[in-house]
1. Helix 3-18 versus the longest principal axis of the chain: what angle, 0 to 90°, nearest 10, using Cα atoms?
2. Hey, what's the Kirkwood Rh for region 29-78 if you take every pair of different alpha carbons, in angstrom?
3. How many angstrom lie between the C-alpha centres of region 125-192 and region 40-114?
4. Could you please tell me the mean projected area of the C-alpha convex hull for region 110-180, averaged over all directions and given in square nanometres to one decimal?
5. In degrees, nearest 10, range 0 to 90: what is the angle between the Cα axis of helix 75-86 and the longest Cα principal axis of the chain?
6. Working out 0.36 nm times the residue gap between VAL17 and ILE40, then minus their Cα-Cα distance, what length gain in nm do you get to one decimal?
7. Placing +1 at every Lys and Arg Cβ and -1 at every Asp and Glu Cβ, with all other atoms neutral, what dipole size does the chain have around its Cα centre, in debye to the nearest 20?
8. Averaged across orientations, what area in nm² does the convex hull of the alpha carbons in region 72-124 project?
Amino acid sequence: MDRRAELAEGALDYVLVHGLVGLSLRPLAAALGTSDRMLIYHFGSKERLVGEVLALAQRRLAASLEPPGPDVRGLADLVHHLWAALSTPAAARVTRLYLEICVLAVQEPERFRAAPERLRGPWRAPLQSGLVAFGIAPERAAPVADLILDTLDGLALDRLVATDPARVDAAAAVFAELLEGHHRATGAKGST
């Protein structure tokens, strides 16, 4: 592994523990056994370092997600599968980072507006394809994918702060069943 990749890995590990809000290069560099100047040398700017950290976080999350298997036969199964993947401790750390990025995008849109999409965007196309495979009309797959992603975002935020994570898990299960029920009630093609 080259030094830049090693620093990016270490920076992601640091950010997953300490957060991104208020990230300062000096404490990060000290934790990585280098200097803030060397971080700038390797990444060009703090923004590029953050961009690399986000890209690496997305790759880690994608690598941790098992592809849906033969037991995923419908929308409810798909949502259950995604929720199970997002509920692991490793995924929860990346989810926390994603939610932090969303807050930063609101607070500092000129710097962070595109950042949430860097983490979320790679999930949209495969989800849309899966929805079409389950009978969602192609023109409806994009908004249904966004509905699923937005709902899971909200549930993930709730789970991070909940005193009773089982309550949130139950809500995710109900969402999956409601989505499946609506899909069946509308005749599969078209309306979901």
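Each value in this text was obtained by applying a stated rule to the coordinates, not by laboratory testing. Because the structure is a prediction, the values reported are computed rather than measured. Note: ideal-geometry Cβ built from the backbone for every residue, glycine included; neighbour counts use all protein chains shown.
1. Its long axis makes an angle of about 70 degrees.
2. Numbers: mean 1/r = 0.0730 Å⁻¹.
About 13.7 Å, per the Kirkwood formula over Cα pairs.
3. Centre-to-centre (Cα) distance: 18 Å.
4. With the hull built on Cα positions only, its mean projection is 5.9 nm².
5. 20
6. Roughly 6.1 nm would be gained on extension.
7. Computed charge dipole of the chain: roughly 380 debye.
8. Values: hull surface 16.4 nm².
Projected over every direction and averaged, the Cα hull of region 72-124 covers 4.1 nm².
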